[in-house]
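*Asks:* Dropping a structure here in structure tokens format, bear with me for questions.
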Amino acid sequence: MNISCKNKYNVLHYSITKVKRSDLDETKYTSCLQNALNYQIYAEIWVLDILSERKWFCYILNDYEAIFPIPYQIFWGIKVVSLPPIIQQLGIFYKKKLDKERFNSLIKKLKRNIVRGYSFNEDNTKNYPLQGEIRPNQLIKLNTSYENVASSYNRNRKRNLRDFANDKKIIYSQEIETFITLYKKEYPSLVSPKKIKLLYNLMEASFKNGAGYQYRIEENGELLSSLFYLEQNKKIYQLGASRIKKESFGSTFSVIIDYVLRIKSNQINVYDFEGSRIPGVHSFNKSFGAEEVQYTYYTNIALLNKLYSLIKNKS
């Protein structure tokens, strides 16, 4: 579907096209994303294909001047826009800022769909008026020395690292089975068979294409704690965490995060914690000096979402 927009002189000045996944010009899409001011790895074709199981389409401004990827699910035969597990933010991606008319025209296209849930990225949220719930994310800027980064740790985090860092060996890994096994064992309320499958597939693909890795702590051959990362365009995303709960949250995760911040400082621009709205996790991230940024979560069926949650919780 191609929507053309004309000015008062009836002269065409931009167009918006709805493109199926199968019809996407992957080269042009990837070029737009890779050169976007507001790049997010979630919008990479390979990530969307895995996590949405290829159920997504895209609104395209002009000749891939801006891209607006839209994942969806089918409920009772009805197509519903819905963020897949693991994806935090999508939104509109552009090589240069859009004027409000073009941006709002793209938003109107989304709103014509049934939207169970969709998140606009931080740059969209900062620069354009959006309807929806404001949610927090936390970042550390790493385009500086490790010493500058570590100087922002709070007193408790510094003390914790002094107590535990010396007796913990950090291991680089691309092993999946033990990570998933520990994750399922220690976090049963957070997992579902589908989420486990998607996480496994994402890890496997990212290890093969060089975008993903783990850093972990083991003891006597047993996995104690591990963090799974994706890295692209000078940004690290902390996407998965697994640990034995009897191990102190502050000790093992702190040591891994500090290690990654140490080796990646002055090499990449941003460490992305991927949240959090959970007060304890938010406080933990903040103890590393993370700054809060905001993204926007939009739905146009909020009442139905609440009803769905109630039914799900009772089942």
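*Asks:* Could you tell me whether Gly210 is surrounded by fewer than 16 Cβ atoms within 10 Å (Cβ to Cβ), within 30 Å of Leu37 (Cα to Cα) and without any contact (Cβ under 8 Å) to a residue 40 or more places away in the chain?
*Replies:* Taking the combined requirement at face value, the residue satisfies it.
*Asks:* Still on this structure, I have one more. Restricted to segment 15-60, and to residues that are more than 21 Å from the chain's Cα centre (by Cα) and of a type outside the set (D, E, K, R), which residue is surrounded by the fewest Cβ atoms within 10 Å (Cβ to Cβ)?
*Replies:* Ser22
For (1) of a type outside the set (A, V, I, L, M); (2) modelled with pLDDT of 95 or more, each residue gets a yes or a no:
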{"position": "Asn38", "(1), (2)": "yes, yes"}
{"position": "Glu44", "(1), (2)": "yes, yes"}
{"position": "Val47", "(1), (2)": "no, yes"}
{"position": "Tyr59", "(1), (2)": "yes, yes"}
{"position": "Ile67", "(1), (2)": "no, yes"}
{"position": "Trp76", "(1), (2)": "yes, no"}
{"position": "Gly91", "(1), (2)": "yes, yes"}
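*Asks:* Here's something else I'd like to know. When only residues in segment 175-198 that are touching a strand residue (DSSP E or B) at 6+ places or on another chain (Cβ under 6 Å) and not hydroxyl-bearing (Ser, Thr, Tyr) count, which is nearest to Leu51 (Cα to Cα)?
*Replies:* Filtering first and then ranking leaves Phe179.
*Asks:* Report yes if Ile236 is of a type in the set (A, V, I, L, M), buried (at least 18 other Cβ atoms within 10 Å of the Cβ) and at negative phi, otherwise no.
*Replies:* Details: of a type in the set (A, V, I, L, M): yes; buried (at least 18 other Cβ atoms within 10 Å of the Cβ): yes; at negative phi: yes.
Spelling it out, Ile236 is indeed of a type in the set (A, V, I, L, M), buried (at least 18 other Cβ atoms within 10 Å of the Cβ) and at negative phi.
*Asks:* Starting from residues that are in contact with a helix residue (DSSP H, G or I) (Cβ under 6 Å, 6 or more places away or on another chain) and not in a strand (DSSP E or B), keep the ones in segment 90-135 and report whichever is farthest from Tyr39 (Cα to Cα).
*Replies:* So the residue we want is Tyr128.
*Asks:* Still on this model: Is it the case, given these coordinates, that Asp63 is closer than 27 Å to Ser206 by Cβ, surrounded by fewer than 18 Cβ atoms within 10 Å (Cβ to Cβ) and in contact with a helix residue (DSSP H, G or I) (Cβ under 9 Å, 6 or more places away or on another chain)?
*Replies:* No; evaluated as a whole, the condition is false for this residue.
*Asks:* Let me ask something else about it. Name the pairs: first residue in segment 144-162 and under 19 Å from His282 (Cβ atoms) and of a type in the set (Gly, Ala, Ser), second residue in a loop (DSSP other than H, G, I, E, B) and at pLDDT 95 or above, Cβ to Cβ under 9 Å, at least 6 apart or on different chains?
*Replies:* Ser152/Phe288; Ser152/Gly289; Ser152/Ala290
*Asks:* State the number of residues belonging to segment 29-88 that are closer than 17 Å to Leu230 by Cβ and in a loop (DSSP other than H, G, I, E, B).
*Replies:* So the answer is 12.
*Asks:* Is it the case that segment 119-131 has a residue that's among the polar types (S, T, N, Q), touching a His at 6+ places or on another chain (Cβ under 9 Å) and crowded, with 20+ Cβ neighbours inside 10 Å?
*Replies:* no
The values are calculated or read from the model by the stated rules, or taken from the named source; none is laboratory data. Everything quoted here is computed from the prediction, not taken from an experiment. No Cβ is skipped: glycine too gets one built from the backbone with ideal geometry, and neighbour counts run over all protein chains shown.
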